[in-house]
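> Sharing a structure with you now.
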Amino acid sequence: MGMTMTQKILAAHAGLERVEAGQLIEADLDLVLGNDITSPVAIKEMEKMKVDGVFDKDKIALVPDHFVPNKDIKSAEHCKCLREFAYRNEITNYFEVGEMGIEHALLPEKGLTVAGDVVIGADSHTCTYGALGAFSTGVGSTDMAAGMATGKAWFKVPGAIRFNLIGKPSKWVSGKDVILHIIGMIGVDGALYKSMEFVGEGIKNLTMDDRFTIANMAIEAGGKNGIFPVDELAIAYMKEHSKKTYTIYEADEDAVYDEEYTIDLSTLRPTIAFPHLPENTKTIDEITEDVKIDQVVIGSCTNGRIDDMRIAAEVLKGKHVAKGIRCIVIPATQAVYMQAMEEGLLKTFIEAGAIVSTPTCGPCLGGYMGILAEGERCVSTTNRNFVGRMGHVNSEVYLASPAVAAASAITGKISAPC
């Protein structure tokens, strides 16, 4: 009986010849990630453990990104805790304001995650790095503390679901539409504690930014992780961004999958998740009544990369945000911000009546920079639309691609790009 990609990576990091679904293992870690919300809890837990420093100052990444620049005294205290810990332990990969970005866009960009790695992060969307052929997953702050102290973590080896992607997506259909389609199909617990493994000839028609988006939202289907095979595009990305040695793992021919699905990308349409779950999806063609909105957010760890900025700018070019609509654009990292500026994308956004923010997770979690009032509706390129996710419990969040979000900003209602 063969192993999946994920199982091969975990076996190698546990020093075992093979593992199988359900097995408990202790694996070596290549990177431990924390942010300004989760790290202070982990740091306090480390203090209780009375350990002498961290296991490897080069294998920890601390990224203040949720409430940065600080929005209030509490967030400032959290960031101070993070900063002092980083300096005290000489953490190599601590990213201060001016260097930081949204963590799950920043780490691949900085070359800190590569194929074959095992990465844990005290943030549920750590599964993003599976786009590069790594095993990456979110953990709690206490597991982050143990990881920083020992360089190891316990895992129950996940089973797997195989998604065979075929065909080529049409204009305006992106990775966001692919993953929303999948979540709508299998539900928010359809991949509960499973590895979502994406294969097939259709992958060649997905950009790296598409793949990051798909892997990022594996958690929204309940997945333990999402992972892509390492092809020429992924290798080129790693060579451009990283000096780390990477290892390519491939699933065995006789690997066991709990379920298998085939998805023809050419048949997909722009897809929107209605409140209040990511599984509550409709294609743009299935929306028969006007869904009027108050706000649009284009950004986040899901859709704040340069491809996302380009797509949004293409839709907004020469047009204007509807009267009374707030359109907030948030490049995911300083590098994305700079590239968008050099390409004239920021000028397009501002001329269209949008505002452009420094990199932050802010509005995604209802933190700041776009909080919703009672009764308001937002089309957002973020990853969750739970009750009260972006503000008032009686507000509504509609998840969509940058193309649909930008088109909706222009019309003031959920709209298809044209």
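> Collect residues whose amide H, placed 1.01 Å from N in the peptide plane, falls under 5 Å from the amide H of G151; neighbours closer than 5 in sequence don't count.
F55
> Something else now. I'm checking a number: the convex hull volume of the Cα atoms of the stretch 102-221, normalised per residue, in Å³. What is it?
112 Å³
> Taking only the alpha-carbon atoms of the stretch 295-418, what semi-axes of the equivalent ellipsoid follow from 5 times the gyration tensor eigenvalues under a square root, in whole Å, largest first?
So the equivalent ellipsoid measures 21, 16, 11 Å along its semi-axes.
> Further question on the same structure: Tell me the GluC sites (Glu not before Pro) within the stretch 343-398 that lie in a loop according to DSSP and have at most 15 other beta-carbon atoms within 10 Å.
Of the GluC sites (Glu not before Pro), the ones in loops of the stretch 343-398 whose Cβ has at most 15 other Cβ atoms within 10 Å are E343, E374.
> Another question, if that's okay. So what are the ³J(HN,Hα) numbers for the stretch 407-416, from phi and the Karplus equation (6.51, -1.76, 1.60; θ = phi - 60°), rounded to whole Hz, Gly and Pro as x?
5, 5, 4, 6, 9, x, 8, 4, 9, 7
> Another question about this same structure. Give me the net charge for the shell around G391: Cβ to Cβ below 15 angstrom, other residues only, Lys and Arg +1, Asp and Glu -1.
+1
> Search the structure for amide H atoms under 5 Å from the amide H of G133, placed 1.01 Å from N in the peptide plane, and list their residues when 5 or more places away or on another chain.
F228
> Please identify the trypsin sites (Lys or Arg not before Pro) of the stretch 113-199 that satisfy two criteria: DSSP loop assignment and at most 15 other Cβ atoms within 10 Å. Which are they?
K171
> Would you mind telling me the antiparallel percentage of the DSSP bridges in the stretch 288-418, rounded to 5?
DSSP beta bridges in the stretch 288-418 are roughly 5 percent antiparallel.
> I want the antiparallel fraction of DSSP beta bridges within the chain, as a percent rounded to 5.
Around 20 percent of the beta bridges assigned by DSSP in the chain are antiparallel ones.
> Roughly speaking, what is the stretch gain from E253 to K171, that is 0.36 nm per residue apart minus the C-alpha to C-alpha distance, in nm to one decimal?
Working it through step by step, the gained length comes to 26.2 nm.
> Quick one: with all protein chains in place, what share of the accessible area of the chain is carbon or sulfur, to the nearest percent (1.4 Å probe)?
Carbon plus sulfur share of accessible area: 51 percent.
> DSSP loop (so not H, G, I, E, B), at most 10 other Cβ within 10 Å: list which GluC sites (Glu not before Pro) in the stretch 1-52 pass both filters.
E17
> State which entries of K8/K59; K110/K152; K224/K244; K152/K244; K50/K194 exceed 31 angstrom in Cα-Cα distance in the structure shown.
Long pairs (Cα-Cα over 31 Å): K50/K194.
> Per residue, how many Å² of accessible area does the stretch 1-106 show with a 1.4 Å probe?
I get 46 Å² per residue for this part.
> Work through the residues other than D123 whose Cβ is under 14 Å from its Cβ and net out their charges, Lys, Arg +1 and Asp, Glu -1.
-4
> Running a GNM on the chain with Cα contacts under 10 Å, which residue among G34, G299, G344 ends up with the highest mean-square fluctuation?
G344
> Relative to the present Cα-Cα distance, how much length would full extension add between D52 and D285 at 0.36 nm per residue of separation?
78.0 nm
> If you don't mind, there's one more thing I want to ask. At q = 0.08 Å⁻¹, what is the base-10 log of I(q)/I(0) for the chain according to the Debye formula with one equal point scatterer per Cα and no solvent? Please give it to two decimals.
-0.40
> Residue by residue through the stretch 163-172, what is 3J(HN,Hα) from phi via Karplus (6.51 cos²θ - 1.76 cosθ + 1.60, θ = phi - 60°)? Round to whole Hz and write x for glycine and proline.
Those phi angles translate into 10, 8, 9, 10, x, 10, x, 7, 3, 6 Hz.
> Here's another thing I want to ask about it. Collect residues whose amide H, placed 1.01 Å from N in the peptide plane, falls under 5 Å from the amide H of Y94; neighbours closer than 5 in sequence don't count.
Correct list: L62.
> Work out how much length V387 to T92 would gain on full extension: take 0.36 nm times their residue separation and subtract the Cα-Cα distance, in nm to one decimal.
102.4 nm
> 222 nm [θ] for the chain, helices only, -39500 (n - 2.57) per DSSP H run of 4+, per residue, to 500?
Calculated mean residue ellipticity at 222 nm is -8500 deg cm²/dmol.
The values are calculated or read from the model by the stated rules, or taken from the named source; none is laboratory data. Because the structure is predicted, anything quoted here is derived from the model rather than measured. Using ideal geometry, Cβ is built from the backbone for each residue, glycine included, and neighbour counts are taken over all protein chains shown. Accessible surface areas use protein heavy atoms only, side chains included; no ligands, DNA or RNA. Shrake-Rupley method; radii C 1.70, N 1.55, O 1.52, S 1.80 Å.
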